[in-house]
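J.: Right, I'll just put the structure down here and ask away after.
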Amino acid sequence: LVIVLSLLFFAFTKFNINFGCFKPGKENFKKDMKISGILTAILLVLLVIIRLVMNQLDPEVAARPYFGLYLTTYLRWFYIFSAILQELFVKGIVEDNITASCKKYNKHFTVWMTSLFFFVLHMGYDLPMMFGAAVLCAVTGYVYEKTKSVYGSILIHFVVGFVPTVVGIIA
């Protein structure tokens, strides 16, 4: 779906695909990995704390193993590719082109319009998941605006989408 949307954007609009987000330069890449690494570490600690609290409150969660990849569950093995494609599409096409189409650059407008788009892109999920996707997009959007590197966004997206199931927070 993401590939089809990317091709439609490219074919029928004046939008451009910015592959420069894959070549951010050494300094921007370091900055991106530092910021994203810190955010990812905080997120991992938070997910473990959530699991420990949920163990006390929900017997169903407490019965789940503390670690499981669940690769046989609905396309879990494909998630890393999905995170890469989504971040390339959202950052390299949507966010960069919202910035390019603004008469006056405003990173907050760009980030929140992109987050709204990501919110809509997750319509197949329930409302809390849609809001979570929008918040994730905003966080990664600010990181992307600072570094113009998509690698940190991919890392954060992967951790947010994959790890909650791995540690047993989500079934």
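J.: Select from the range 133-144 the residues that are farther than 15 Å from Phe109 by Cα and free of Cβ contacts under 8 Å to residues at least 24 places away in the same chain and list them in ascending order. Outline the logic, then answer.
T.: First, the residues of the range 133-144 that are farther than 15 Å from Phe109 by Cα: 133, 136.
Within the range 133-144, Ala133 is the sole residue that qualifies.
J.: Further question on the same structure: Could you give me the residue pairs with C-beta distances under 8 Å whose first residue belongs to the range 51-74 and is closer than 11 Å to Ile170 by Cβ, whose second residue is at pLDDT 85 or above and among the charged types (D, E, K, R) wherever it lies, and which are 6+ apart or on separate chains?
T.: Partner pairs satisfying both residue conditions: Val61/Arg51.
J.: Kindly check whether there is at least one residue in the range 41-56 that is within 18 Å of the chain's Cα centre (by Cα) and among the charged types (D, E, K, R).
T.: no
J.: Suppose we filter Val135, Val139, Val120, Val159 for residues that are open to solvent by less than 50 Å² (accessible area, probe 1.4 Å) and assigned to a helix (DSSP H, G or I); which single one remains? Spell out the reasoning first.
T.: Values: Val135 fails: open to solvent by less than 50 Å² (accessible area, probe 1.4 Å); Val139 fails: open to solvent by less than 50 Å² (accessible area, probe 1.4 Å); Val120 fails: open to solvent by less than 50 Å² (accessible area, probe 1.4 Å).
Result of the check over Val135, Val139, Val120, Val159: Val159.
J.: So Met130 passes all but one of these: (1) touching a residue at least 24 places away in the same chain (Cβ under 8 Å); (2) crowded, with 16+ Cβ neighbours inside 10 Å. Which condition number does it fail?
T.: If we test Met130 against (1) touching a residue at least 24 places away in the same chain (Cβ under 8 Å); (2) crowded, with 16+ Cβ neighbours inside 10 Å, just (1) comes out false.
J.: Sticking with this structure for a sec: Taking the range 144-155, which residues are assigned to a helix (DSSP H, G or I) and open to solvent by 10 Å² or more (accessible area, probe 1.4 Å)?
T.: Within the range 144-155, the first condition is being assigned to a helix (DSSP H, G or I), and the residues that meet it are 144-147, 151-155.
Result: Glu145, Lys146, Tyr151, Ile154, Leu155.
The values are calculated or read from the model by the stated rules, or taken from the named source; none is laboratory data. This is a predicted model, so every value here is computed, not measured. Every residue, glycine among them, receives a Cβ derived from its backbone with ideal geometry; neighbour counts consider all protein chains shown. Accessible surface is based on the protein model in full, side chains and every heavy atom, while ligands, DNA and RNA are left aside. Shrake-Rupley method; radii C 1.70, N 1.55, O 1.52, S 1.80 Å.
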